[in-house]
Amino acid sequence: MDSQRQQIEHQVLSYYLPSNVFRFCNMGTSKPYLQAAAQTNDGAAYLLYFDLTTFPQQKPNVYVQQMLYTKSGQKMDSVSASYHTLTPHPNGWTQLCHYASDAWTPDVTLWKVYLKCRLWLEMYRAHLRTGKPIDYYLNHQSRSTTDMGRWG
């Protein structure tokens, strides 16, 4: 991500989020990333890690900076359509599915990605309350659906 795009992303995020909720890290290196805090409606707090290595040309991998567990206690550490998770980070963090690769375009902002991850976290909290898989709340959509409806 070049400095002009970073500035735009910072401005967009600053419009919607307090400045102490997110930070760009290691920019200008081979491992740039964004950290952003997210609080669910029930008060649970999570720290999201956006891998910006290939952003904006490719969708960023987004991880919760911890391993999440299903209501039954299973690690969310693999690709799962019913839980909308992908391969975990090498540190063991759960990776969230937010955009299908074929639905990605370079004009999608990190704010939109953040929103989808925030919604995922709400559905995760609902899963913890009910035991229903996240797919019960977030159905996979076809490529022809609207942008906000695509969940890879």
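Every number in this text was worked out from the coordinates using simple rules, so none of it is lab data. Every value quoted in this text rests on a predicted model; they were computed, and no experiment measured them. Here Cβ is always computed from backbone atoms with ideal geometry, including for glycine, and neighbour counts include all displayed protein chains.
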Cα→Cβ-extended label distance, 7 Å offset, between L17 and D42, nm: 2.2 nm
Karplus (6.51, -1.76, 1.60) ³J(HN,Hα), θ = phi - 60°, over region 133-138, in Hz, Gly and Pro reported as x: x, 4, 5, 4, 9, 10
Within straight-line cross-link reach of K75, lysines at Cα separation under 23 Å, skipping those fewer than 8 residues along the same chain: K116, K132
Net charge of neighbours whose Cβ lies under 14 Å from the Cβ of P133, counting Lys and Arg as +1 and Asp and Glu as -1: +3
Per-residue HN-Hα couplings for region 104-113 [Karplus 6.51, -1.76, 1.60; θ = phi - 60°; Hz; x = Gly/Pro]: 6, 9, x, 8, 6, 8, 5, 4, 5, 5
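Roughly speaking, what is the stretch gain from N26 to Y137, that is 0.36 nm per residue apart minus the C-alpha to C-alpha distance, in nm to one decimal? Show your work: numbers first, answer last.
Details: separation 111, 0.36 × 111 = 39.96 nm, distance 3.52 nm.
Here the segment from N26 to Y137 would lengthen by 36.4 nm.
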Under DSSP loop assignment and at most 16 Cβ neighbours within 10 Å, longest trypsin sites (Lys or Arg not before Pro)-free interval of the chain: 72-142
Net +/- balance of residues flanking Q58 in space, Cβ distance below 12 Å, scoring K and R +1, D and E -1: -1
